[in-house]
Amino acid sequence: MTIPFIDLKTQYQALKPQIQDRINAVLEHGQYIMGPEVKELENKLSAYVGSKHCISVASGTEALLMSLMALGIKPGDEIVTTPFTFVATAEVMVLLGAKPIFVDIESGTCNIDASLIEAKITEKTKAIMPVSLYGQTADMDAINAIAAKHGNIPVIEDAAQSFGASYKGRKSCNLSTIGCTSFFPSKPLGCYGDGGAIFTNDDTLAQAMREIRVHGQSQRYVHTRIGVGGRMDTIQCAIVLAKLERFDWEVEQRKLIGDLYNQLLDEAGISRVNQCEDLTSVYAQYTVFTENREAIQKRLSEQGIPTAVHYPVPLNEQPAYKQLCCPDCTSIASQTAKRVMSLPMGPFLTKNDQQKIVKALSNAIKVHEKK
Ligand SMILES: Cc1ncc(COP(=O)(O)O)c(C=O)c1O
């Protein structure tokens, strides 16, 4: 039997009555856009992360784009970021005519190496966008300190994978000027379509983002700025509200399952993404490092164990990006991209399945080492 890579079906079964009640309530009141669930969700999410404002939006990508628009990013501006991420992180910069400045990653966590950021700051630097990859936050204190030293450069945490994670006791999404997350179905807190949210404690930015979300509208048919159609549907907000009820339990399960993977893999001598002591990951992905990746993936797949690669090519080596920036300046990201492999993960993964996965992985590594 195949182990699901992410088990959304079991989650749905566990929450079926709550999810169906929430969806039915929206169908009954009929306010499919900006219905009461939108505000209810925003209030609950801002309380959860501890931020003053939450603006729900159409996706994680829109959250990032709208954040940059609210900060007034314009052609020629530079934004310091990591190349080892999903394409949306840099895509939104390029869409606004800004230039991503890629900084290499730490080999252990795969997050941006904060110690390399300062050297990349110029007069054109208008934002820093770290990504909290695999569910573990980047070193936000170090990044915020560099931003403060250089004239309070805004820091946007791309927290698409880390909603629910903690950094030194504080919640991801509320660690810098702006935090952006995604409710893509496979994310730790997912809806059943596209969705996302922006968090900030800055009243002016929050107001700007609320206007940008509805085509730059400050009053009905008064468009005071350029915006987008960036709202999150009421039904998707209702689904997240239902899932939020059990989210703390899921985060705890993810932590226990992540800890067990750490232990089993360490015992088997398999190298994995490093978990920092004072950070709590939500393990959006559980990722190991391996040589002969394709052969090992094939072997695991034959035994009903799906795997995935996040990400096979750093963004500065992608065809659409390499002419915009230095394609060869991030050697650790390049090497890491060849070695990462994500294992099945989720709050419903059983101990038996975890043991089976690590045993199969260990055997596959041994077979391919000998060749
Ligand atoms: C790091 C990162 N940034 C941005 C996004 C974009 O989120 P969405 O798919 O909701 O647009 C994702 C989603 O995969 C992501 O993983």
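Show that you can apply the helix-only estimate: for the chain, add -39,500 (n - 2.57) for every DSSP H stretch of four or more residues, divide by all residues, and state [θ] at 222 nm to the nearest 500. Provide the component values of the computation, followed by the final result.
Numbers: 11 runs with 148 residues, N = 371.
Theoretical 222 nm ellipticity from helices: -12500 deg cm²/dmol.
Which value, in Å², gives the accessible area per residue of segment 250-371 when a 1.4 Å probe is used on the protein heavy atoms? Mind showing how you got there, number by number?
Details: 5900 Å² over 122 residues.
Per residue, segment 250-371 has 48 Å² of solvent-accessible surface.
Starting from the Cα of Lys322, draw a straight line to each of the aspartates and glutamates and keep only those under 17 Å, dropping any in the same chain fewer than 8 residues away.
Partners found: Glu78, Glu91, Asp104.
Suppose a student asked you for the relative contact order of the chain, using Cα pairs under 8 Å spaced at least 6 residues apart; what percent would you report?
22
Describe numerically, in nm with one decimal, the distance between label points set 7 Å from Cα along Cα→Cβ at Lys74 and at Lys298.
Each label point is offset 7 Å from its Cα along the Cβ direction, giving 5.4 nm.
Which of Pro4, His310, Cys191 sits farthest toward the positive end of the charge dipole of the chain, with +1 on the Cβ of Lys and Arg and -1 on the Cβ of Asp and Glu?
Pro4
Would you work out the charge dipole size for segment 1-55 about its Cα centre, treating the Cβ of every Lys and Arg as +1 and the Cβ of every Asp and Glu as -1, and quote it to the nearest 20 debye?
On the way: 6 positive and 6 negative charges, 26 e Å.
Using only the charged Cβ atoms, the result is roughly 120 debye.
Where in the chain is the longest stretch that carries no GluC sites (Glu not before Pro) classed as loop by DSSP and with at most 14 other Cβ atoms within 10 Å?
1-122
Can you give me the P(r) profile for segment 157-308? Cα pairs, bins 5 angstrom wide beginning at 0, each as a whole percent.
The percentages, shortest bin first, are 2, 8, 13, 16, 16, 14, 11, 8, 5, 4, 2, 1, 0.
Step through the table entries Lys52/Lys99; Lys39/Lys243; Lys187/Lys298; Lys52/Lys187, compare each Cα-Cα distance with 19 Å, and write down the pairs that go over it.
Beyond 19 Å: Lys52/Lys99; Lys187/Lys298; Lys52/Lys187.
Rounded to the nearest percent, how much of the accessible area of the chain (1.4 Å probe, protein heavy atoms only) is carbon and sulfur?
Summing carbon and sulfur atoms, their accessible area is 51 percent of the total for the chain.
Mind giving me the nanometre distance, one decimal, between the label points for Thr224 and His29, set 7 Å out from Cα along Cα→Cβ?
It is 2.7 nm.
Are there trypsin sites (Lys or Arg not before Pro) in segment 212-254 that DSSP marks as loop and that have at most 14 other Cβ atoms within 10 Å, and which are they?
Loop-located and lightly packed - Arg220, Arg225.
Go ahead and set up a Gaussian network model of the chain, Cα springs under 10 Å, then flag whichever of Gln253, Gln263, Gln285 fluctuates most.
Sorting by GNM fluctuation, first place goes to Gln263.
Name the longest site-free stretch of the chain, where the excluded sites are chymotrypsin sites (Phe, Trp or Tyr not before Pro) in a DSSP loop with no more than 11 other beta-carbon atoms within 10 Å.
33-220
The values are calculated or read from the model by the stated rules, or taken from the named source; none is laboratory data. Note that this is a predicted model, so its numbers are computed, not measured. Reconstructed Cβ throughout: ideal geometry from the backbone, glycine too, with neighbour counts over all protein chains shown. We work out accessible area using only protein heavy atoms, side chains counted, and drop any ligands, DNA or RNA first. Shrake-Rupley method; radii C 1.70, N 1.55, O 1.52, S 1.80 Å.
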